[in-house]
Amino acid sequence: MPAPFRIYNSLSRNVEDFEPLRPGHVGLYVCGMTVYDDCHVGHARAMVVFDAFVRYLRYRAWDVTFVRNFTDVDDKIIARASEAGVEPLAWAQRYIDRFHEDMSSLGLLQPSVEPRVSTSMESIQALIGRLVADDHAYEADGNVWFDVASFSEYGKLSGRDEEGLSNPDSFGGKRSPRDFALWKAVKPGEPSWESPWGPGRPGWHIECSAMAHETLGATFDIHGGGLDLVFPHHENEIAQSECGNHAHYAKIWMHNGLLVVPGGRKMGKSEGNMFAIRDAMTRFPAEAIRLYQLQNHYRSPLLWLGNESLTDALAKLARLYDAREVAESFGGQQDADEVASALGDDAAAVLELGRSFVERMHAALDDDFNTSLALGHAFELARAINRFATHKKARKRGGPIVAPALAGLQVLSEALGLLSLTTEAFQDEVKAKRLGALGLDAAAVEAKIAERTAARQAKDWSASDAIRDELSGWGVEVRDTAAGTEWRLRLSDGDA
RNA sequence: GGCGGCAUACCCAAGUGGUUAAGGGAGAGGUUUGCAAAACCUCCACUCCCCGGUUCGAAUCCGGGUGCCGCCUCCA
């Protein structure tokens, strides 16, 4: 039996015990991208949050069908493509490819299914057909409109009543300002598909209803997306789906909070403050971006301070990696409890913390996916490890003491996609990305380090210190350890 | 204007009725180090936007106020 969990449902405005429609299975539909431009850090929030959520559910033995769509037929795509003199679908394909590159470099899972509007025309038209047949929709001048008045529950998700529900689409004879387009009659120069109502293309909302129905059925477990989609998009999805399928739509609506910039505005293409994932990825490791996104609760707004945010996340990530590496270096074969009683309170503390770690992580994540609390537990464990590591005998005998902690930290990689690399691979990625940003190359740094090592061996401290100061000026920090001199790139300040 | 949400230290942030209000970052002092870095230790909110109320007891519930944000137009 998969583990039970609780999740906030935007529809009921309450945290609810999750009850699957099918035992052991979760059907999840997440609104994906309209592919007319590159994915920015704000989009990454939704992508990372749901990626981590899916990972966690699978880790907890749920069988998850994860659907995330592409909107590849849309006004903005047509407009951009036309400016560029490219076919709209080719333009969309270009950004689908780039999206896939971005997701892959961020280390995100592929959804189980990635339906597209352009290849879902049959199910879209079938759903519109059912709505027309049942008088939930009507045709006018080659457009098909959803008749909002025909659905008494309209507004139940967004909490709006009639006054707040006017829809601005105004072309082609709709009956009420609240009605919205299911099918838009073709206009010159636009892509179109044949339909019973004449050539045209789908309205914005119908696609998700149709694709969710096609991939998950009329009723499914969880529908996710950004908080900004609640109205009108998700409200309209409910109306179309419940009227067209004569069934309740998603049981749970899960909305992620938005990224906001210091002025307080959310990040958005229309706000002119977007920061592309691929730009962030040239300077920071993927996991720093993940940690940044997961460090507060998924429903809260998250402040974006540019490089400062990622530098902060990178420092935190390095702390976790370092602590894990320290623990991995411990040896010893004795019984853990015997070692603990021999080595004292700090040993006993890590042992205890390690043993309860997984349980506490599960408790945090089962409670409305509280990644912030979960990460808090991880830092607490890291400190306990480091504290224990200050004891002289820890390295030789501490292995059994930190074994439960190390096993527990696996949760982070399996469930959240963090700490999934070796420390060395992680540091290599940091170096590879940040050397470029600092305008350095590794060979030059290594040469200086070798020079300094020679000076140190000669106990020529002033020469050694001069070299260290020079490296420091470059943004390189040296770390003299028992095993030799390591170097790292400074995380703070001087960011290119 | 309507609907929804948020307000916890210098910054990020957990906690939503009951031990000393998690955790991280920054800062100060100390230990360690050839000197550093990292790490560790100590300090850093008698208090949770404000005012009332409920309660034996509230950051947590209720009412009012203030501020901020999202949506109402495309939006993760």
Overall form of segment A:337-496 per C-alpha gyration tensor (a/c, 1.5; a/b vs b/c): oblate
Global form of segment A:439-489, assessed from the alpha-carbon gyration tensor, a/c cut-off 1.5: prolate
Pairwise centroid distance, computed over Cα atoms, of segment A:329-354 with segment A:176-223, Å: 61 Å
For segment A:1-25 and segment A:376-428, distance of Cα centres in Å: 32 Å
Under 17 Å from residue A:459, Cα to Cα: lysines that are on another chain or at least 8 residues apart: A:448
For segment A:306-423, projected area of the alpha-carbon convex hull averaged over all directions, nm²: 7.5 nm²
Rounded accessible area of residue A:305 (nearest 10 Å², 1.4 Å probe): 70 Å²
Which of A:1, A:267 is most accessible, then next, and so on - probe 1.4 Å: A:1, A:267
Net +/- balance of residues flanking residue A:410 in space, Cβ distance below 13 Å, scoring K and R +1, D and E -1: 0
Overall form of segment A:391-466 per C-alpha gyration tensor (a/c, 1.5; a/b vs b/c): oblate
Average Cα contact separation per residue, segment A:306-423, under 8 Å, 6 or more apart, as relative contact order %: 41 percent
Relative contact order (%) - segment A:6-277, alpha-carbon pairs under 8 angstrom, separation at least six: 24 percent
Amide H contacts of residue A:64 (H built 1.01 Å from N, under 5 Å, at least 5 apart or other chain): A:26
Estimated vicinal HN-Hα couplings, Hz - segment A:91-104 in sequence order (Karplus 6.51, -1.76, 1.60; Gly, Pro = x): 4, 4, 4, 4, 7, 5, 4, 5, 4, 4, 4, 4, 5, 5
Mean shadow area of chain A over all directions, Cα convex hull, nm²: 27.1 nm²
Cα-based reach from residue A:251 at 20 Å (exclusive), listing lysines while leaving out same-chain residues under 8 positions away: A:156
Phi-based couplings in Hz for segment A:308-313 (Karplus 6.51, -1.76, 1.60; Gly and Pro marked x): 4, 5, 6, 5, 4, 5
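Within 10 Å, at most 13 other Cβ atoms, and a DSSP state outside H, G, I, E, B define an exposed site. Report the longest part of chain A free of exposed GluC sites (Glu not before Pro).
In short, A:195-496.
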Karplus 3J(HN,Hα) series, Hz, for segment A:14-29 with 6.51 cos²θ - 1.76 cosθ + 1.60 (x for Gly, Pro): 9, 6, 10, 5, 6, 10, x, 5, 10, x, x, 10, 10, x, 10, 10
Accessible-area composition of segment A:218-357, carbon plus sulfur, in percent [1.4 Å probe]: 51 percent
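At 222 nm, what value in deg cm²/dmol follows for chain A if DSSP H runs of at least 4 each add -39500 (n - 2.57) and the sum is divided by all its residues, to the nearest 500?
Rounded to the nearest 500, the figure is -15000 deg cm²/dmol.
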11 Å beta-carbon shell around residue A:345, net charge (K/R +1, D/E -1): -1
Hits among aspartates and glutamates - C-alpha to C-alpha of residue A:174 under 13 Å, sequence gap 8 or more where chains match: A:139, A:141, A:147
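The values are calculated or read from the model by the stated rules, or taken from the named source; none is laboratory data. It should be emphasised that the depicted structure is a prediction, and the values quoted were computed from it without experimental measurement. When we count neighbours, we look across all protein chains shown, and the Cβ atoms used for this are built from the backbone with ideal geometry, even at glycine. Areas reflect the complete protein model, heavy atoms only, side chains present, ligands, DNA and RNA absent. Shrake-Rupley method; radii C 1.70, N 1.55, O 1.52, S 1.80 Å.
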